[in-house]
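The values are calculated or read from the model by the stated rules, or taken from the named source; none is laboratory data. As the structure is a computational prediction, the values presented were derived from the model and not from experiment. All Cβ positions, glycine included, derive from the backbone under ideal geometry; neighbour counts span all protein chains shown. Remember, those area values only see protein heavy atoms, side chains included, never the ligands or the DNA or RNA. Shrake-Rupley method; radii C 1.70, N 1.55, O 1.52, S 1.80 Å.
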Amino acid sequence: MFSYLTLPCLILFLSPYVHSQMYPFPYGQQLDYHFYDRTCPRLPMIVRYNVWAAVKNDTRMAASLLRMHFHDCIVDGCEGSVLLDDTEDFKGEKNALPNRNSLRGFEVIDTIKTDLERFCPSTVSCADILTLAAREAVVMVGGPFWNVPLGRRDGTTASQKSANEQIPSPIESLQNITAKFSSKGLDIKDVVVLSGGHTLGFAQCFTFKRRLFNFDGSGNPDPTLDSSVLTNLKSVCPNRDASNSNLAPLDSSTSKFDNVYYTSLINNAGLLESDQALVKDTNTAAMVNSYSGNSFLFSQDFAASMVKLGNVGVLTGQKGQIRKKCGSVNY
Ligand code: HEM
Ligand SMILES: *[C@@H]1O[C@H](CO)[C@@H](O)[C@H](O)[C@H]1NC(C)=O
Ligand SMILES: *[C@@H]1O[C@H](CO)[C@@H](O)[C@H](O)[C@H]1NC(C)=O
């Protein structure tokens, strides 16, 4: 009874199974732009309002929220681990060297979470809140808008050791920084584009001070640093420990999100060694030139790299949990 229809029918009959192996049901692995459309329609408004209020009160908060999202994602993926307080079981990331007395904005995320728990309890992950807040923050200070794929779940642990090892340092080589990005599926273009986040915010003197007084043990300033920038920075960061936590803008030109950061690098006015390094390598220098000359290209590429960053190591489906409070795992 085998006819010429048998084989086509068999293929049709089996194809859903082949399909379901590629996209295992019901564990949808993909993030989804409409993830909370039915379960928490107020989500975008609640995040937008709170970020707006926080940035209105303190413009720097836009920078701080963007950076916090980066530090969440680059350490074991975007699973909200950066938000967890220390417990008896683990030392969290808040007190890791790059974060302690440096990361800001935890209270903004906590307030958003509190609002959300009123309207849609146990529904929206802290990792998604942080991702959306970073986008709103960028938009609010004049940066590009991009759609944020959603459906991340929250991790149940955090690691101070991972944070110390995985967050790039401002005094390590471009090669090492690129290696850290590559290990997360981000490439050298993402390094250049996302470093453009330094169009916003401030750095403490200790993060770049050796460029001013004792570059590479030479007893002299970094010879590539523009001399009038050097003079200004020395007045903000005098050569004593007491100045270590004074603040200098990462991009002195403007406090809004723009591509002037790249022009400053070309003018040898980058603040961090890791910023200025981007024009010392011919490959990345070409990208710096094009972003400096084309703000539209920068906006477009920044948005695309932010989506990539937001996809790093996400937990979906049944993995992880939806925390009730962003600072602690559910018991
Ligand atoms: C490429 C490697 C990177 C290094 C070495 C680096 C390093 C730093 C350092 C040392 C600071 C100053 C922290 C302090 O003094 O307390 C800082 C601030 C900042 N970083 Fe980065 N960063 C990198 C990438 C990124 C990325 C990818 C983003 C976001 C897309 C970002 C966004 C920011 C922002 C917005 C601030 C200012 C925060 C504030 O004012 O509160 N950084 N970064
Ligand atoms: C406003 O910003 C200041 C720091 O600039 C902060 O101390 C204060 O808590 C903020 N207030 C609100 C309501 O967010
Ligand atoms: C780059 O990483 C290697 C291996 O971790 C390390 O030994 C070296 O000191 C790093 N170089 C710089 C300049 O950070």
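Checking each residue in segment 168-180 for being surrounded by 18 or more Cβ atoms within 10 Å (Cβ to Cβ) and either of a type in the set (S, T, Y) or away from ligand 3 (no atom under 12 Å from the Cβ) (or both) picks out only T178. Remark: pairs (first residue in segment 141-158, aromatic (F, W, Y); second residue surrounded by fewer than 20 Cβ atoms within 10 Å (Cβ to Cβ); Cβ separation under 8 Å; 6+ apart in sequence or on different chains) = F145/V139; F145/A303; W146/A303; W146/A304; W146/V307.
Anything in segment 295-331 that is in a loop (DSSP other than H, G, I, E, B), of a type in the set (D, E, K, R) and in contact with a Gly (Cβ under 8 Å, 6 or more places away or on another chain)? List them, or say none. Steps first, please.
In the first step, residues of segment 295-331 are kept if they are in a loop (DSSP other than H, G, I, E, B); the result is 311-314, 316-320, 322-324, 326-327, 329-331.
Now restrict to residues that are of a type in the set (D, E, K, R): 319, 323-324.
Scanning segment 295-331 gives a single hit, R323.
Within segment 65-93, the set of residues being of a type outside the set (V, I, T), open to solvent by less than 10 Å² (accessible area, probe 1.4 Å) and on the phi < 0 side of the Ramachandran plot comprises L65, M68, H69, H71, D72, C73, C78, S81, L83, L84, G92, E93.
Scanning segment 113-167 for residues that are outside any helix (DSSP H, G or I), under 30 Å from N294 (Cα atoms) and open to solvent by 40 Å² or more (accessible area, probe 1.4 Å) yields G142, F145, N147.
Within segment 183-206, the set of residues being open to solvent by 60 Å² or more (accessible area, probe 1.4 Å) and within 18 Å of V314 (Cβ to Cβ) comprises just one member, S183.
Is it the case, given these coordinates, that D216 is in a helix (DSSP H, G or I) and exposed (fewer than 14 other Cβ atoms within 10 Å of the Cβ)? Taking the combined requirement at face value, the residue satisfies it. Tell me, please, whether a residue that is away from ligand 3 (no atom under 16 Å from the Cβ), of a type outside the set (V, I, T), in a loop (DSSP other than H, G, I, E, B) and loosely packed, with under 14 Cβ neighbours inside 10 Å can be found in segment 220-227. For segment 220-227, residues away from ligand 3 (no atom under 16 Å from the Cβ), of a type outside the set (V, I, T), in a loop (DSSP other than H, G, I, E, B) and loosely packed, with under 14 Cβ neighbours inside 10 Å: present.
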